[in-house]
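Nothing in this text is a laboratory measurement; each read-out follows from the coordinates by a stated rule. Worth saying up front: this structure is predicted, and the values here are computed from it rather than measured. Cβ coordinates were reconstructed from backbone atoms using ideal geometry, including for glycine residues, and neighbour counts include every protein chain displayed.
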Amino acid sequence: MSTVVDIRNLGVSFSTDAGAVKAVDDVSLSVERGEVLAIVGESGSGKTVTAKTILGLLPETATTRGAVLLSDRDGGRAQDVISLSKQKLREVRGEDVAMVFQEPSTALNPVYTVGWQIMEGLRAHGEITKKDARAKAIDILRRVGIPDPDHRIDHYPHQFSGGQKQRVVIAMALVLEPGLIVADEPTTALDVTVQAEILDLLRRVRDEFGTAIVLITHNMGVVADLADRVAVMYQGKVVEEADVKTLFAAPKHEYTKALLAAVPYVGHGTVRAAERAAERPAEWAEQTPVVEARGLEIVYPGRFGREGFRAVDGVDLVIRPGEVLGLVGESGSGKTTIGRAIAGLTKVTGGSLKVLGAEMNGIRERQFRPLRSRIGFVFQDPASSFNPLLTIAECVAEPLVIHGRAKDPGSARKRVDELLEAVQLPKAYGDRFPHELSGGQRQRASLARALALGPELLIADEPTSALDVSVQARVLELFGELQLEFGFASLFISHDLAVVDLLADRIAVLYRGRLVEEGTGVEVLGAPEDEYTQRLLASLPVPDPIAQAERREELRRLREAM
């Protein structure tokens, strides 16, 4: 094998008003042809900065030292990316190295067809006829698993699902057959079933094209599934590097051990659920449910004479006081639609849905308004749910002001400080703006805002999907502590079965708008009866390379049996 990229003593610092900030400190790594190197670590560890240096994508505020020697795609001469001119960098990108970005929706231009965007790369790197470019674009879409590529090539990004958009981004990276692909969190926001398909695709890319892959991720299950070698970064340094089996079996550095210990496993929630059940009063099961759905239907109306889309189809579920119900399923299964209907944000079109004693089918906004103060909502992305012009204290105080519990944010400050301390944030953070907090800190502030009015019901929609495993572990632990302390009932929506198992008393599995399985974690995850639940469970990568290879084989058998 020949070396595709050789990073030697790389250092990167950024100029800020407060002085230079060192992001990468003396990092040395190399990747061989056909090898997958995973770089792991929490936010701010320098993973993405290291990866972007390979493509020369750092901003002008960056100061770089060391060398990044990148071989051309034929395995010939190596060039130092750091010293290349902008013109030379444009030639290198696409042909020698390409990048798969974390969020395909922002990587794709919404006003051009996906075919045009794939062909643009071909046209930029040499003379090619329109006919040949189109044929090559169709071929690469077929190879990444896009169905009916001859037709879909003329579709726009919004006409593809999240997993299909990620495949299109991978197709754009592959079309010039580069020697190296840098994949930055390529599966973060994807369901486990779609994630498994993308990982299969990346594995096929490595085997068929002989492409080397630098994988940036915080998901240790993904690392166990795909990587050959692993480099662990912490505060800008590589603290441990080993082949994947050695690293998971015998980690040496304390940070690596802590990172692996923070990963939730299916089965870890059994003890906690039993403890919560034991603390409940004997008459708990007879109490009036906080949420009760019977034959719930939600249909989005069609346009231009088309039939409406049935997002939720005859769902029965119950959430009792102080209970956490985990709702799982892939994108489009109806999870978020049910959560929004319970919060009064989506109209119920059929069946019955009672929330805090009020029937939601046909309810008017005037009737529902008094109930809003009794429901909290934790959004998936706190960065976009906070007003960037308000401080954290003003954001957390907003519900108190709106519902007349406080005259203005200033008079609510004492309550805000109590809430921030309850979610383990220093009260001084109330004077900061949302962009000045890390992802985990923003999610804690989002929890504080949701709890501001002392809700009886909390709806949490994918609150940890974009967090690092170490930060996720702290947020989940905090969520569990707050639930015990405040005693609220909760609908916890997630596509991560291990996370749901850790928090939920019962788990409900949705598939295409229907409830296919419901029960305790032991029943649903320990002995799933429905084929879809079995496939969902087999799709979840576990942080153990040997066990994950067996699960991958089991998933392949389940797919063939369908």
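For the listed residue pairs LYS86/LYS130; LYS407/LYS427; LYS52/LYS165, the alpha carbons are over 24 angstrom apart in LYS86/LYS130. What shape does the stretch 300-385 take by its C-alpha gyration tensor, where a ≥ b ≥ c are the square roots of the eigenvalues and a/c under 1.5 counts as rounded, a/b above b/c as prolate, and the rest as oblate? Here the stretch 300-385 falls in the rounded category. Candidates GLN534, VAL516, GLN548 compared by Cα position along the dipole of the stretch 514-562: farthest toward the positive end lies GLN548, with charges placed on Cβ. Residues in the stretch 63-70 carry Karplus couplings, in order, of 10, 10, 9, x, 9, 10, 8, 10 Hz; the curve used is 6.51 cos²θ - 1.76 cosθ + 1.60 with θ = phi - 60°, and Gly or Pro positions show x. Put simply, the amide H of TYR234, placed in the peptide plane, has neighbours under 5 Å in VAL239, leaving out anything fewer than 5 places away on its chain. Highest-first packing order for the peptide set 366-372, 94-100, 528-534 is 94-100, 528-534, 366-372, based on the mean count of other beta carbon atoms within 10 Å.
Taken about its Cα centre, the chain carries a charge dipole of about 1420 debye when Lys and Arg each add +1 at the Cβ and Asp and Glu each add -1 at the Cβ.
Please check which bits of the stretch 520-549 a label hung off TYR265 would reach, taking the label as a point 7 Å along Cα-to-C-beta and the cut-off as backbone N under 15 Å. Counting backbone N atoms under 15 Å from the label point, the list is 526, 541-549. 3J(HN,Hα) along the stretch 371-386, derived from phi through the Karplus expression 6.51 cos²θ - 1.76 cosθ + 1.60 where θ = phi - 60°, amounts to 7, 4, 5, 9, 10, x, 9, 10, 7, 5, 10, x, 4, 8, 8, 9 Hz, with x in place of Gly and Pro.
Translational diffusion of the chain was estimated from the Stokes-Einstein equation, with Rh taken as the Kirkwood radius over Cα pairs; at 37 °C and 0.692 mPa s the coefficient is 129 µm²/s. In terms of its Cα atoms, the stretch 270-532 spans 49, 48, 37 Å along the principal axes, sorted from long to short. Site pair GLU359 and ALA135 shows an inter-label distance of 6.5 nm when each label is modelled 7 Å from Cα along Cα→Cβ. For the listed peptides 315-326, 101-112, a ranking on the average number of other beta carbons within 10 Å per residue, highest first, reads 315-326, 101-112. For the stretch 246-263, putting each phi into the Karplus relation 6.51 cos²θ - 1.76 cosθ + 1.60 with θ = phi - 60° gives couplings of 5, 4, 6, 7, 9, x, 9, 7, 4, 5, 4, 4, 5, 5, 5, 5, 7, 6 Hz, in residue order, rounded to whole numbers and with x for Gly and Pro.
Multiplying the residue separation of GLU531 and ILE128 by 0.36 nm and subtracting their alpha-carbon distance yields 140.3 nm. Each Lys or Arg adds one and each Asp or Glu takes one away; over the other residues whose Cβ falls under 12 Å from the Cβ of PRO301, this sums to +3. Annotation: amide H of SER490 within the under-5 Å range of GLU323, VAL324, LEU325, LEU458, sequence separation 5 or more or interchain, hydrogens built in the peptide plane. Legend: calculated FRET efficiency, GLN424 to LEU484, from the Cβ-Cβ distance at R0 = 22 Å, rounded to 0.05, equals 0.90. The dipole here belongs to the stretch 270-532: it is taken about the Cα centre, uses +1 on the Cβ of Lys and Arg and -1 on the Cβ of Asp and Glu, and is about 1260 debye.
Here the sum of -39500 (n - 2.57) over DSSP H runs of 4 or more residues, divided by the residues of the chain, equals -11500 deg cm²/dmol at 222 nm, to the nearest 500. The peptide list 42-51, 218-227, put in order of mean Cβ contacts within 10 Å with the highest first, becomes 218-227, 42-51. Counting Lys and Arg as +1 and Asp and Glu as -1, what is the net charge of the other residues whose Cβ lies under 14 Å from the Cβ of TRP116? Local charge sum for TRP116: +3. Take the convex hull of the alpha carbons in the stretch 1-93; its mean projected area over all directions comes to 6.4 nm². Given 0.36 nm per residue, what is the gain on full extension from PHE209 to ALA20 after removing their alpha carbon distance, in nm? Full extension of this stretch gives 64.0 nm more. What does DSSP give for the chain in terms of the percent of beta bridges that are antiparallel, rounded to the nearest 5? If I count the DSSP bridges inside the chain, around 55 percent turn out antiparallel. Among beta bridges identified by DSSP and lying wholly in the stretch 270-532, the antiparallel ones come to about 55 percent. Of the residues VAL230, LEU420, LEU260, the one whose Cα sits farthest toward the positive end of the charge dipole of the chain, with +1 on the Cβ of Lys and Arg and -1 on the Cβ of Asp and Glu, is LEU420. Positive contributions from Lys and Arg (+1) and negative ones from Asp and Glu (-1), summed over other residues with Cβ under 10 Å from the Cβ of LYS354, come out at -1. Which angle from 0 to 90°, rounded to the nearest 10, does the C-alpha axis of helix 439-451 make with the longest principal axis of the chain? Taking the Cα atoms of the chain, the angle to 439-451 is about 10 degrees. Residues whose amide H comes within less than 5 Å of that of ILE39, counting only those at least five positions distant or on another chain, are LEU215, ILE216, THR217, ALA231 (H built at 1.01 Å from N in the peptide plane).
Rounded to the nearest 10 degrees, the angle from helix 469-486 to the longest Cα principal axis of the chain is 0 degrees.
Dividing the mean sequence gap of close Cα pairs (under 8 Å, 6+ apart) by how many residues the stretch 438-559 holds gives a relative contact order of 17 percent.
In degrees between 0 and 90, to the nearest 10, how far off the longest principal axis of the chain does helix 270-279 point, with axes built from Cα atoms? Helix 270-279 sits roughly 20 degrees off the main axis of the chain. Summary of the geometry: the stretch 1-23 and the stretch 507-562, compared by the centres of their Cα atoms, lie 41 Å apart.
Of the residues ALA107, SER13, PRO178, the one whose Cα sits farthest toward the positive end of the charge dipole of the chain, with +1 on the Cβ of Lys and Arg and -1 on the Cβ of Asp and Glu, is ALA107. Using a cutoff of 8 angstrom between alpha carbon atoms and counting only pairs six or more residues apart, the relative contact order for the chain works out to 16 percent. Were the residues from TYR300 through HIS158 laid out at 0.36 nm apart, the gain over their Cα-Cα distance would be 49.3 nm.
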